[in-house]
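K.L.:
One structure, as structure tokens, below. Some questions next.
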Amino acid sequence: MKLLVVGSVAFDAIETPFGKTDKILGGAATYISLTSSILNVESGIVSVVGGDFPQKDLDMLTDRGINIEGLEIVKDGKTFFWSGKYHNDLNSRDTLVTEVNVLENFEPKIPESMQDAEILLLGNLHPGVQLSVLEKMEARPKLVILDTMNFWMDTAWDLLVKIIGKTDVITINDEEARQLTGEYSLVKAAKKIHKMGPQFVIIKKGEHGALLFGDDKIFAIPALPLEEVFDPTGAGDTFAGGFAAYLAKKENFSFETMKSALIVGSAMASFAVEKFGTDRLQEVTQSEMTTRIQDFKELTAFEVEV
């Protein structure tokens, strides 16, 4: 199955307790599509960059088989830029700079070559942009996955509720789930989100793993313990990319398949944090991916005799 990814292709400048970077490649669509390429899933990006975006990064994406026909280049514009500093626990951060630039007036264009994508992953963008993508698809994809954040809950509530109602899967973190529903219990929060539209709800809990709700079932996984974590910036997007790409490979959207997709997404996210930006994802081999997923399987497998 084809995977169409709508999201930012951007520059990041990151500081953590383990070092800092100048401008490096980032953006939700970048992490998602790179992760898809590791799983050998055909993906296409719908996004926008400025004339300052390096040709070498465009070449890197196409060399990995990623369709960038939907990546608009505004020659006289500047690419979205975000800079942040993480605290010692790596769970909290301060935003230092946000320059929206060409993303401010972004009007997504779906290339004809990706109109038949069976899975649409709407990365974290303004809900109005996400809605416009759905409207521009000639036929509704078989599965629509939505990623969003609390900023849109504060600034674009009505549009956010509208796009949530049109999606099959939503992925948000625990804090956002509580804000969206007013429920502290994540089980109650998931039930309220189901009523808003999505059949499946994924609640991410950072270093504490993730929860999947659907078909009146709950599945929980831990995060893989790592010796070194350098940069958590793209972990959530990489998780979404691994999740969506696995479903595309299996061509199956059942709860049982999504359980496996959750593990693949978490395993892929564990690679992303091992270096700054997308550097680690650009190195990951098929054998490394297989080993990491096996590590995850061993971490969560057990037998109990009562």
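The values are calculated or read from the model by the stated rules, or taken from the named source; none is laboratory data. These numbers were taken from a predicted model, which means no experiment stands behind them. Here the Cβ is made from the backbone with ideal geometry for all residues, glycine too, and neighbour counts use every protein chain on show. These accessible areas exclude ligands, DNA and RNA; they are computed on the full protein's heavy atoms, side chains included. Shrake-Rupley method; radii C 1.70, N 1.55, O 1.52, S 1.80 Å.
K.L.:
Take the alpha-carbon centre of the stretch 188-224, take the same for the stretch 123-164, and report the distance between them in whole Å.
P.N.:
That distance is 19 Å.
K.L.:
With a sphere of radius 11 Å drawn around the Cβ of GLY123, what net charge do the other residues whose Cβ falls strictly inside it have (Lys, Arg +1; Asp, Glu -1)?
P.N.:
Details: positive: none; negative: ASP147, ASP237.
Computed value for this residue: -2.
K.L.:
Another question about this same structure. Which order, highest average first, do 169-178, 237-246 follow once you tally other Cβ atoms within 10 Å for each residue and take the mean per peptide?
P.N.:
Numbers: 169-178: 21.8, 237-246: 29.9.
In decreasing order of mean packing, 169-178, 237-246 become 237-246, 169-178.
K.L.:
So, one more: How much accessible surface does MET60 have with a 1.4 Å probe, in Å² rounded to 10?
P.N.:
30
K.L.:
Continuing with the same structure: So for the pair TYR184, LEU159, with labels modelled 7 Å out along Cα→Cβ, what separation do we get in nm?
P.N.:
That separation, rounded to one decimal, is 3.4 nm.
K.L.:
Which of the peptides 32-42, 98-108, 63-73, 286-296 is most tightly packed, and how do the rest follow, judged by the mean count of other Cβ atoms within 10 Å per residue? Before the final figure, lay out the partial values.
P.N.:
Numbers: 32-42: 24.3, 98-108: 15.9, 63-73: 17.5, 286-296: 14.1.
Peptide ranking by packing, descending: 32-42, 63-73, 98-108, 286-296.
K.L.:
ARG64 to GLU303: FRET efficiency via 1/(1 + (r/R0)^6), r the Cβ-Cβ distance, R0 35 Å, to the nearest 0.05? Present the calculation step by step, with values, prior to reporting the outcome.
P.N.:
Working: r = 40 Å, r/R0 = 1.14.
The computed FRET efficiency comes out at 0.30.
K.L.:
Please work out how much length the chain gains when fully extended from HIS208 to LYS136, using 0.36 nm per residue of separation minus the C-alpha to C-alpha distance, in nm with one decimal. Display every interim value, and only then the final one.
P.N.:
Details: separation 72, 0.36 × 72 = 25.92 nm, distance 3.73 nm.
Separation in residues times 0.36 nm, less the Cα-Cα distance, equals 22.2 nm.
K.L.:
Could I ask something else about it? If DNA, RNA and ligands are ignored and the probe is 1.4 Å, what is the ranking of ARG140, ARG280 by accessible area, most exposed first? Spell out each step's value before the answer.
P.N.:
Values: ARG140 125, ARG280 25 Å².
Putting ARG140, ARG280 in descending order of accessible area: ARG140, ARG280.
K.L.:
List the relative contact order of the stretch 3-300 as a percent without decimals, with contacts defined as Cα pairs under 8 Å and 6+ residues apart. Present the calculation step by step, with values, prior to reporting the outcome.
P.N.:
Working: 622 pairs, mean separation 51.0, N = 298.
About 17 percent, as a whole number.
K.L.:
Here is the link list: LYS166/LYS259; LYS162/LYS192; LYS204/LYS259. Which ones come out longer than 20 Å on Cα distance?
P.N.:
Working: LYS166/LYS259 22 Å; LYS162/LYS192 15 Å; LYS204/LYS259 14 Å.
In this structure, LYS166/LYS259 exceed 20 Å between Cα atoms.
K.L.:
Could you state the number of Å between the C-alpha centres of the stretch 58-102 and the stretch 18-45?
P.N.:
9
K.L.:
Once fully extended, how much extra length lies between ALA220 and ASP94, figured as 0.36 nm per residue of separation less the alpha-carbon to alpha-carbon distance? Present the calculation step by step, with values, prior to reporting the outcome.
P.N.:
Working: separation 126, 0.36 × 126 = 45.36 nm, distance 2.91 nm.
The span from ALA220 to ASP94 would gain 42.5 nm if fully extended.
K.L.:
Starting from the Cα of THR290, step 7 Å along the direction of its Cβ; do the same at LYS192; then give the gap between the two resulting points in nm.
P.N.:
4.5
K.L.:
Now for a separate question. Any chance you could look up the accessible area of TRP157 with a 1.4 Å probe, heavy atoms only, rounded to 10 Å²?
P.N.:
Taking all protein chains as shown, TRP157 has close to 100 Å².
K.L.:
With r as the distance between the Cβ atoms of SER254 and GLU112 and R0 = 35 Å, compute the FRET efficiency 1/(1 + (r/R0)^6) and round to 0.05.
P.N.:
Values: r = 31 Å, r/R0 = 0.88.
Efficiency for this residue pair is about 0.70.
K.L.:
On to the next question. Shape verdict for the stretch 107-168, please, from the Cα gyration tensor: rounded (a/c under 1.5), prolate (a/b greater than b/c) or oblate. Don't skip to the answer; put the middle values down first.
P.N.:
Details: a/c = 2.30, a/b = 1.84, b/c = 1.25.
Prolate, since a/c reaches 1.5 and a/b exceeds b/c.
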